[in-house]
1. If you find the alpha carbon centre of segment 151-181 and of segment 401-460, how far apart are they in angstrom?
2. Tell me, in nm to one decimal, what length is gained between ASN362 and GLU405 on full extension, where the rule is 0.36 nm per residue of separation less the Cα-Cα distance?
3. Which trypsin sites (Lys or Arg not before Pro) from segment 107-193 combine a DSSP loop assignment with at most 11 other Cβ atoms within 10 Å?
4. In sequence order, what are the phi-derived ³J(HN,Hα) couplings for segment 422-427 according to the Karplus relation 6.51 cos²θ - 1.76 cosθ + 1.60 with θ = phi - 60°, rounded to whole Hz, with x for glycine and proline?
5. Taking the solvent-accessible surface of protein heavy atoms with a 1.4 Å probe, what is the per residue accessible area of the chain in Å²?
6. Report the residues of segment 237-263 in range of a label on GLN165: point 7 Å along Cα→C-beta, backbone N strictly under 14 Å from it.
7. Projected onto the charge dipole of the chain (+1 at Lys/Arg Cβ, -1 at Asp/Glu Cβ, origin at the Cα centre), which of VAL516, SER503, VAL200 gives the Cα projection farthest towards the positive end?
8. Tell me, what is the FRET efficiency for VAL345 and HIS450 to the nearest 0.05, using R0 = 22 angstrom and their Cβ-Cβ distance as r?
Amino acid sequence: MFPLTEENKHVAQLLFGTGTCPRCIFRFCGVDFHAPYKHSYEELLNDIQKFLKAEKDELILEVPNPPLKKIRLQELEDGIDNPSQNGENKISVIEDGSIASKLLNVNVCNVCLGILQEFCEKEFIKKVCQKVEASGFEFTNLVFSVSFPPQLSVREHAAWLLVKQEMGKQSLSLGRNDIVQLKEAYKWITYPLFSEELGVPIDGKSLFEVSVVFAHPETVGDCHFLGKILPDCFKPAKNKQSVFTRMAVMKALNKIKEEDFRKQFPCPPNSPKAVCTVLEIECAHGAVFVAGRYNKYSRNLPQTPWIIDGERKLESSVEELISDHLLTVFKAESFNFSSSGREDVDVRTLGNGRPFAIELVNPHRVHFTSQEIKELQQKINKSSNKIQVRDLQLVSREAIGHMKEGEEEKTKTYSALIWTNKVIQKKDIEFLNDIKDLKIDQKTPLRVLHRRPLALRTRVIHSMETHYVDEHHFRLYLKTQAGTYIKEFVHGDFGRTRPNIGSLMNVTADILELDVESVDVDWPPALDD
C-alpha cells in the first residue's frame, strides 16, 4: 500500500521536483512504518511517479530556486533523463576495486546522495555479505553500523527548511523531529536483507560488528561555511582527520539562524553528479575473556615481559607462556593480561595458584566447548615446566571485577626463608608465633619507586608461624593483607618499613626465598579436573 496521501502531495511534488529520491520523500512526509521503504527502488520510483502524475503529462511546480522548474513526468516514466545533468552512468568503487553500486539512468538524490537508492538494494547487500563471510569471523548474530558523510546533515537541514517554508504557507508546521532519520530508514531496509543473506539475526547487543563507512568527496565542502560562521563548534580532536565531524556539524546546525543558513547554502540543495563511495567495510568482534589460576615454579621467570630500555632481560614470562596459546586458538589480534596481584621474578606461586584474566582483542574464533577449553589448558601445561594453569574458562567482562576486588580486600599467605646475621636458637623466634594483626607502615619500596608513586601505606600482618632451620636460618609462614611488601617486612628496606622482622628480633635479617602459598580470592570458580 502506497503510504502517501493527498495531504502529502504538495510536499512530495516539491521534493521530487528538486531531485529528492522516493525514500527521502517518505522520510520528510513522516512515514514511520517500515514496509514502504523495503520495496525496490524501481518500484518506488514508478509508484511515486503515478502518485504525482497530473491529468497532463507535464506538471509545473513552484520552487524557490530556480523560480520555475518543469518536470517532465512522462519522460521520467520512460526512463529518459537529461544526460548533461545526472544521466551519466555512475559507479561507486570500494577500496579493493570491486563495484559497490551502479546508478544507471537515475538522478542521484540531492539529500541522501544515493544512500537510500542503490546502497540499500540487494546487490550492494550481497557484496557486503561476501566481505563478511570472507573475513573468517565466527558469529551467530551481528550488529550492523553505518557511518554517513557529515554533509548529509547539512543537506537534510536545507531540505527541511524548504519543506517547512512551503508548509508554513498552508499554516502547517514541520519540526526536525518529525522527519524520519536517514540512519533509521536505512536500517529498516537493510537489517532484514543482511539477516536473510547471512542467516543470522541482527542483535544490538552482539559482540560481532559489521560497519560500513560512506564518503562523498564531491560535496565535502558543503560543511565549510558552518566553520566560518560558527568556528567554536569545530575544534580539532585527537584521532579525527577533519574538524567537520557529524556531531560538530549537528551542533552548528542547531545554533545557526535560518536566514544565515539560507544565505550560505541553497534550499533545496543542488543535485550531485555521483553517489557516495564506500570507504571501508570492516568486521570486528568484541573482546572475549579467559580466566584461570596459574602456578609459577621458576625463580627466574617474570610475570610479564621484562624489558628495560628496549632490551629483553629474560626470554619469556608467565603472561607469554599462557597468552601465546590463547592468541593462536582464538585467532585474536592482541591480548591484555591482568591478575590478582603479582609476584617478583624470583618468587614462586604455589598452592591453588594466582587468579588471572586475559582479554583477547578482536578474536575470529569465539565458540568453544568445555572439552576444547580443557584440552587447551592441557596444551599450555605440557608446553612448559615453569608454569601450570588450572580452572581455565571463558568469563564475562563484568566477572573480572571479582578478581580485582581481591587485590586490596583479601588475604595472601607466604612462605619465606630468612637469614639472620646473629646466631639464633628456636626460642629466639617463637615469640613471632604469638603476634596477631600487627600493623606496619610501608613507604613505597626503593626497588619499585621508579614505577610507583611515593606513598605511605599501612598494612596488616594477620599471623606468623616460624619453623627453625639452623643457627642462621628459619622459615616464616605469614598471612597478610593483600598489597603487603613481604621482602621489605623482613629486611626493613633501610627503615622504610616499620616494624620489620629485623627490628622485632633486633638482628639484621634478609630474605633468601619467597613463595606465595595462597591467594584467597574465590575466583574464578573451581572446575573439576
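1. Between the Cα centre of segment 151-181 and that of segment 401-460, the gap is 70 Å.
2. On the way: separation 43, 0.36 × 43 = 15.48 nm, distance 2.65 nm.
Working it through step by step, the gained length comes to 12.8 nm.
3. Values: sites: LYS122, LYS126, LYS127, LYS131, ARG155, LYS164, LYS169, ARG176, LYS183, LYS187; in loops: LYS169.
Loop-located and lightly packed - LYS169.
4. Those phi angles translate into 9, 5, 10, 10, 4, 5 Hz.
5. On the way: 26490 Å² over 529 residues.
Ligands and nucleic acids excluded, the result is 50 Å² per residue.
6. 258-263
7. SER503
8. Numbers: r = 15 Å, r/R0 = 0.70.
It comes to 0.90.
The values are calculated or read from the model by the stated rules, or taken from the named source; none is laboratory data. Note that the structure is a prediction, hence the values are computed from the model and not measured. Please note: Cβ atoms are built from the backbone with ideal geometry, for glycine as well, and neighbour counts cover all protein chains shown. Surface accessibility is based on the protein's heavy atoms, side chains included, excluding ligands, DNA and RNA. Shrake-Rupley method; radii C 1.70, N 1.55, O 1.52, S 1.80 Å.
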